[in-house]
Amino acid sequence: MNEMQERREENGKTDERRQWFVSALPLLGQGLTEILQTAREWEWPGVELVMDGEVWQHPGGAVQHIRKNLLGEDLPITLHAPVFEINLANPLYPEQRLLAERQYVGALVTAAELGAGHVVIHPGYGSRTYDRDLAQSFAREHLARLCKMAERLGVLMVVENAGVGPAALFDQNEFAALIEEFYSPYCRAIVDIGHAFANGWDLPGLFAALGDRVRAVHIHDNGGSADEHLPLGHGHLPWAEVERAIRALPSPVHQVIEYREDTDLEVIRSHVARLTGRERAKAGGI
């Protein structure tokens with residue numbers, strides 16, 4: 001077993017010590033050295049690297065840079081495939097769909113090279129100008145190929161319930177059916193609780209329906225109608241109820257704190273401490 005396979009197996013573990021990550025979204029635009037240094041200095045239990053920005057235009061260089069920075073470090077990583085300016089399900093422009101698929105294939109390959117615990121994929125977005133059924137069919141077509149690629153690489157690909165309002169291509173039942181359609185040991189779901197809450201979904205019901213198909217969760221808050229990525233307690237998401245539903249899942253999952261770009265690092269540190277153990281008994285009162 002090589003170093004990256006060992007790292008992937010270790011990063012993929014979901015015991016209490018390994019299951020928490022912090023998204024690098026608050027550091028969007030910073031270099032990899034700065035991001036990894038922040039993760040270490042602020043004692044993040046793991047980091048989800050967001051693959052948007054100039055640094056990812058040459059993923060081979062990014063891989064080497066991360067390997068060098070993680071040499072001898074015990075910092076688990078996951079990856080979030082690019083989000084901005086691409087849409088895997090755009091029914092109007094096939095070139096954009098193919099671009100999105102190429103970017104996502106690149107993310108899967110990078111995850112394999114880094115031994116990342118998972119890689120997050122968006123199934124595409126809806127729009128008032130789109131034929132929704134057609135957009136969904138394109139999403140399924142591209143996801144089918146991506147799932148096969150994930151299986152060949154031995155990488156865990158998690159599909160997210162992306163978008164709020166018209167941008168959400170799948171409703172709650174459709175998303176559950178989508179995950180069921182592509183379910184395999186390497187293709188599962190990441191439930192973004194903020195998106196689900198803003199779309200009026202029944203989160204306990206969704207977790208119960210998906211069961212072991214859930215492999216990861218994105219955690220953030222909002223006022224109930226927009227994708228704000230607020231810290232828990234700064235919106236109206238019923239975290240105590242949602243946390244119970246997560247804990248009722250058949251097996252532990254990767255839990256990723258995904259707060260917006262301008263979030264104070266002290267707030268993140270405080271929430272990491274509360275959520276990961278030292279103040280777990282108080283977690284419902286954030």
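None of the figures in this text is laboratory data; all of them are computed from the coordinates on show. Because the structure is predicted, anything quoted here is derived from the model rather than measured. No Cβ is skipped: glycine too gets one built from the backbone with ideal geometry, and neighbour counts run over all protein chains shown.
For residues that are closer than 22 Å to residue 264 by Cα and of a type in the set (Asp, Glu), scanning just segment 44-79, find the one that is surrounded by the most Cβ atoms within 10 Å (Cβ to Cβ).
Among them, the one singled out is 48.
Condition check: within 30 Å of residue 47 (Cβ to Cβ) and in contact with a helix residue (DSSP H, G or I) (Cβ under 9 Å, 6 or more places away or on another chain). Does residue 146 satisfy that?
Values: within 30 Å of residue 47 (Cβ to Cβ): yes; in contact with a helix residue (DSSP H, G or I) (Cβ under 9 Å, 6 or more places away or on another chain): yes.
Considered against the rule, which asks whether it is within 30 Å of residue 47 (Cβ to Cβ) and in contact with a helix residue (DSSP H, G or I) (Cβ under 9 Å, 6 or more places away or on another chain), residue 146 comes out as yes.
When you scan segment 104-211 for helices (runs of 4 or more DSSP H) that lie fully inside it, which ones turn up with 1 or more residues that are without any contact (Cβ under 8 Å) to a residue 60 or more places away in the chain and more than 19 Å from the chain's Cα centre (by Cα)? Outline the logic, then answer.
Working: elements: 132-153, 172-182, 193-198, 203-210.
Ranges flagged: 132-153, 172-182, 203-210.
Results for (1) closer than 23 Å to residue 203 by Cα; (2) not polar (S, T, N, Q), shown as yes or no for each residue.
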position	(1), (2)
131	no, yes
136	yes, no
153	no, yes
161	yes, no
174	yes, yes
180	yes, yes
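Return only the number of the condition from (1) more than 30 Å from residue 130 (Cα to Cα); (2) small (Gly, Ala, Ser); (3) touching a residue at least 12 places away in the same chain (Cβ under 8 Å) that residue 270 does not satisfy.
(3)
Regarding segment 99-110, can at least one residue be identified that is closer than 28 Å to residue 225 by Cα, touching a Lys or Arg at 6+ places or on another chain (Cβ under 9 Å) and not basic (Lys, Arg)? Lay out the reasoning, then the answer.
Filtering segment 99-110 down to residues closer than 28 Å to residue 225 by Cα leaves 100.
This time we only want the ones that are touching a Lys or Arg at 6+ places or on another chain (Cβ under 9 Å), so: none.
Checking segment 99-110: not a single residue is closer than 28 Å to residue 225 by Cα, touching a Lys or Arg at 6+ places or on another chain (Cβ under 9 Å) and not basic (Lys, Arg).
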